[in-house]
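Trainee: Pasting a structure here, questions to come.
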Amino acid sequence: MDVMTAVLTRRSEHHLAEPAPSDQEFTYLLRAAATAPDHGRLRPWRWILARDQGRHALARCLADEHPGPPAHKEQIQANAHSTPLLATLVFTPTPHDTTVPEWEQLAATSAMTSSLILLLHARGFGSVWRTDNLTESDRIRRLLRLNPGERLLGWLYIGTPQRLTPPRRRTPEDVTDRISVFTPELMGL
Ligand SMILES: Cc1cc2nc3c(=O)[nH]c(=O)nc-3n(C[C@H](O)[C@H](O)[C@H](O)COP(=O)(O)O)c2cc1C
């Protein structure tokens, strides 16, 4: 799949089933995703993979911690239960880096994740990045043994999309109003 096709046919997939990438395949794809732009090559992130019992325990905790009504909690638990691989994204910034401020490290983490999502898609796997307003939960932090200074950025739900028809290739929207051209003359220089 060429890059343009991958970008235009990717969708957040909310109904996922086996198979998911093995640990080995996930690592292979992550190594490629980690080549995304990353000022200082700090790799200020880590992933925690949960399958089977680990995933069920995490699913229960996500549902318990969700502030929404019972129906919403049940939906979260059902989703997390049925998705074969729950990958927790943890931001691990190098503090007080004078060359690479924290916002740049967060941007690098986002770039890596975006690449990973596209690579998964190109291999036939589906994913959705979810936070469900749960990234500040102390209980989830404790369950996942996060260190002080680390930050939860959500979960990549990963598996094989359960849809009858593949997503249609999207028609890119007009973004010309988001582009301007700078010339010194314009600035009166
Ligand atoms: C940081 C981040 C957090 C997200 N959290 C959620 C979420 O909690 N629940 C959800 O359904 N989708 C979540 N999404 C997915 C977006 O809703 C989705 O990308 C958007 O609706 C566009 O759909 P598409 O990915 O199919 O283009 C999140 C995406 C990002 C980048």
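Trainee: Residue check, Trp103 against (1) farther than 26 Å from Pro161 by Cα; (2) more than 16 Å from the ligand (Cβ to nearest atom); (3) among the hydrophobic types (A, V, I, L, M, F, W, C), all met but one. Which one?
Mentor: Here Trp103 meets the rest and fails (2).
Trainee: With the checklist (1) more than 25 Å from Leu29 (Cβ to Cβ); (2) more than 13 Å from the ligand (Cβ to nearest atom); (3) in contact (Cβ under 8 Å) with a residue 60 or more places away in the chain in hand, flag the one item Gly188 doesn't pass.
Mentor: (3)
Trainee: If you take the residues in the range 23-33 that are touching a residue at least 12 places away in the same chain (Cβ under 8 Å) and more than 23 Å from Gln162 (Cα to Cα), which one is least open to solvent (accessible area, probe 1.4 Å)?
Mentor: Within the range 23-33, the subset touching a residue at least 12 places away in the same chain (Cβ under 8 Å) is 23, 25-26, 29-30, 32-33.
Applying the additional criterion that residues be more than 23 Å from Gln162 (Cα to Cα) yields 30, 32-33.
Numbers: Leu30: 29, Ala32: 46, Ala33: 0 Å².
Per the criteria, the residue is Ala33.
Trainee: Checking the conditions here, which among Arg141, Arg178, Arg170, Arg145 is charged (D, E, K, R), without any contact (Cβ under 8 Å) to a residue 40 or more places away in the chain and open to solvent by less than 100 Å² (accessible area, probe 1.4 Å)? Reasoning before the result, please.
Mentor: On the way: Arg178 fails: open to solvent by less than 100 Å² (accessible area, probe 1.4 Å); Arg170 fails: without any contact (Cβ under 8 Å) to a residue 40 or more places away in the chain; Arg145 fails: open to solvent by less than 100 Å² (accessible area, probe 1.4 Å).
Exactly one of Arg141, Arg178, Arg170, Arg145 is charged (D, E, K, R), without any contact (Cβ under 8 Å) to a residue 40 or more places away in the chain and open to solvent by less than 100 Å² (accessible area, probe 1.4 Å), namely Arg141.
Trainee: State whether one or more residues within the range 162-178 are more than 13 Å from the ligand (Cβ to nearest atom) and at positive phi.
Mentor: no
Trainee: Applying the selection to the range 7-17, what residues are open to solvent by less than 60 Å² (accessible area, probe 1.4 Å) and either of a type in the set (Asp, Glu) or within 13 Å of the ligand (Cβ to nearest atom) (or both)?
Mentor: Leu8, Thr9, Ser12, Glu13, Leu16
Trainee: Tell me the residue from Ala57, Ala20, Ala36 that is hydrophobic (A, V, I, L, M, F, W, C) and either part of a helix (DSSP H, G or I) or open to solvent by 30 Å² or more (accessible area, probe 1.4 Å) (or both), please. Outline the logic, then answer.
Mentor: Numbers: Ala20 fails: either part of a helix (DSSP H, G or I) or open to solvent by 30 Å² or more (accessible area, probe 1.4 Å) (or both); Ala36 fails: either part of a helix (DSSP H, G or I) or open to solvent by 30 Å² or more (accessible area, probe 1.4 Å) (or both).
Among Ala57, Ala20, Ala36, only Ala57 is hydrophobic (A, V, I, L, M, F, W, C) and either part of a helix (DSSP H, G or I) or open to solvent by 30 Å² or more (accessible area, probe 1.4 Å) (or both).
Trainee: From the set of residues in the range 106-138 that are away from the ligand (no atom under 14 Å from the Cβ) and in contact (Cβ under 8 Å) with a residue 60 or more places away in the chain, which is farthest from Ile158 (Cα to Cα)?
Mentor: Ala108
Trainee: Regarding the range 125-138, can at least one residue be identified that is part of a helix (DSSP H, G or I) and either open to solvent by less than 90 Å² (accessible area, probe 1.4 Å) or at pLDDT 95 or above (or both)?
Mentor: Initial filter on the range 125-138 (part of a helix (DSSP H, G or I)): 138.
Now restrict to residues that are either open to solvent by less than 90 Å² (accessible area, probe 1.4 Å) or at pLDDT 95 or above (or both): 138.
Yes: the range 125-138 contains one or more residues that are part of a helix (DSSP H, G or I) and either open to solvent by less than 90 Å² (accessible area, probe 1.4 Å) or at pLDDT 95 or above (or both).
Trainee: Inside the range 67-94, can you point out the residues that are crowded, with 18+ Cβ neighbours inside 10 Å and at pLDDT 95 or above?
Mentor: Correct list: Thr83, Pro84, Leu85, Leu86, Ala87, Thr88, Leu89, Val90, Phe91, Pro93.
Trainee: For residues that are of a type outside the set (Asp, Glu), open to solvent by 30 Å² or more (accessible area, probe 1.4 Å) and either out of contact with any helix residue (DSSP H, G or I) (no Cβ under 7 Å at 6 or more places or on another chain) or part of a strand (DSSP E or B) (or both), tally how many sit in the range 95-110. Show your work before the answer.
Mentor: Of the residues in the range 95-110, the ones of a type outside the set (Asp, Glu) are 95-96, 98-101, 103, 105-110.
After this cut, where a residue has to be open to solvent by 30 Å² or more (accessible area, probe 1.4 Å) as well, the list is 95-96, 98-99, 101, 103, 106-107, 110.
Restricting the remaining residues to those that are either out of contact with any helix residue (DSSP H, G or I) (no Cβ under 7 Å at 6 or more places or on another chain) or part of a strand (DSSP E or B) (or both) gives 95-96, 98, 101, 103, 106-107, 110.
Total meeting the criteria: 8.
Trainee: On to the next question. Does the range 139-158 hold any residues that are within 15 Å of the ligand (Cβ to nearest atom) and either modelled with pLDDT under 95 or not in a helix (DSSP H, G or I) (or both), and which are they?
Mentor: Filtering the range 139-158 down to residues within 15 Å of the ligand (Cβ to nearest atom) leaves 140, 151-158.
Within the range 139-158, Arg151, Leu152, Leu153, Gly154, Trp155, Leu156, Tyr157, Ile158 qualify.
The values are calculated or read from the model by the stated rules, or taken from the named source; none is laboratory data. Just so we're clear, the structure is a prediction, and the values are computed from it rather than from any experiment. Virtual Cβ from ideal backbone geometry, glycine too; neighbours counted across all protein chains shown. Heads up: the accessible areas ignore ligands, DNA and RNA and are worked out on the full protein's heavy atoms, side chains in. Shrake-Rupley method; radii C 1.70, N 1.55, O 1.52, S 1.80 Å.
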